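Throughout, read-outs are computed from the coordinates displayed, never taken from laboratory work. Quick caveat, the model's predicted, so the values are computed rather than measured. Note that each Cβ is placed from the backbone with ideal geometry, even for glycine, and that neighbours are counted across all protein chains shown.
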Amino acid sequence: MPGKECSMSLSEKNNTGQVSEFQENLDVLRQIYFFSGLPLETLKVFAYLCTRGKFKSGEYLFRQGEDDGQAFYIIEGSAVLERAENGNASAIRNCASGEFIGGLTLLGKQRRLFSLKAETDINSLILNREKFTKTIEQFPDLMPKIFKAVVSGIGDWEERFLAERAEKCGDCLANLGVSLI
C-alpha cells in the first residue's frame, strides 16, 4: 500500500526498506476488536511490548487449568481448541490465522477452560497480562474504552452464534446469554 509506507518513520523500517516487526505488530493490533477504541499512541506502546511466539505442530500455546496471563493473535497457522474432561480431550473448534484468543486473561486472573494446540506450525503475536496492566496503570482513562470493546465483542459473538448455529444447537440455547452478564 503506497500510503502506508509514506506514513512510517525511518525507525519503523529496517535497513532493507522492509516494514519492521513493530509496524507489523501495530497493524495487527489495529485490527483486533479488543484494542479498537484505543488511541494510536497507546497502540504503539502495546505493539512495542508484544512478543512473537513460534509453536510447532503438536505444541500447546496454553493448557486447560493454567493461568498464564497471555493473549495470542495467530498470524500464521492453525490450532485446535480442546477441552479435557475425565482425562479425555475433545476438539471444540479450529482457530486460524487472524484470530485473537485470550483477551480476557489480560484483564485479570483466570484459569484456562480450554487448551490450545497447534495443528500446524504457528507464528503468533503475544501480549502478557503484566505488561498490559503496567501500561493501563499509566493510562487509566483507557479502561472504559477496553471494556466497551469487550462488551461489544461478546455481543457480536453471541449474535453470530445465534445466526449461524441456533437451529443446529437445540439444548445449548438454554445456556446462552453471555451478553446478559
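Mind sorting Arg165, Arg112 by how few other Cβ atoms lie within 10 Å of their own Cβ, fewest first? Write out the running numbers ahead of the final one.
Working: Arg165 13, Arg112 18.
Ranked by crowding around the Cβ, least crowded first: Arg165, Arg112.
Where the centroid of each part is defined by its Cα atoms, how far is region 54-94 from region 114-151 in Å?
16
Under 17 Å from the Cα of Lys168, which aspartates and glutamates turn up, not counting those fewer than eight places away in the same chain?
In chain and number order, the partners are Glu158, Glu159.
From the Cα gyration tensor of region 9-138, with a ≥ b ≥ c the square roots of its eigenvalues, which class applies: rounded if a/c is under 1.5, or else prolate if a/b is larger than b/c, or else oblate?
Values: a/c = 2.59, a/b = 1.54, b/c = 1.68.
Since a/c reaches 1.5 but b/c is at least a/b, the shape of region 9-138 is classed as oblate.
From the square roots a ≥ b ≥ c of the eigenvalues of the alpha-carbon gyration tensor of region 91-171, which class results: rounded (a/c under 1.5), prolate (a/b over b/c), or oblate? Working shown, then result.
Working: a/c = 2.37, a/b = 1.38, b/c = 1.72.
Cα axes put region 91-171 in the oblate bin.
Hey, rough spin-label estimate for Ala96 and Cys169, points 7 angstrom out along Cα→Cβ, what's it come to in nanometres?
Distance between label points: 2.1 nm.
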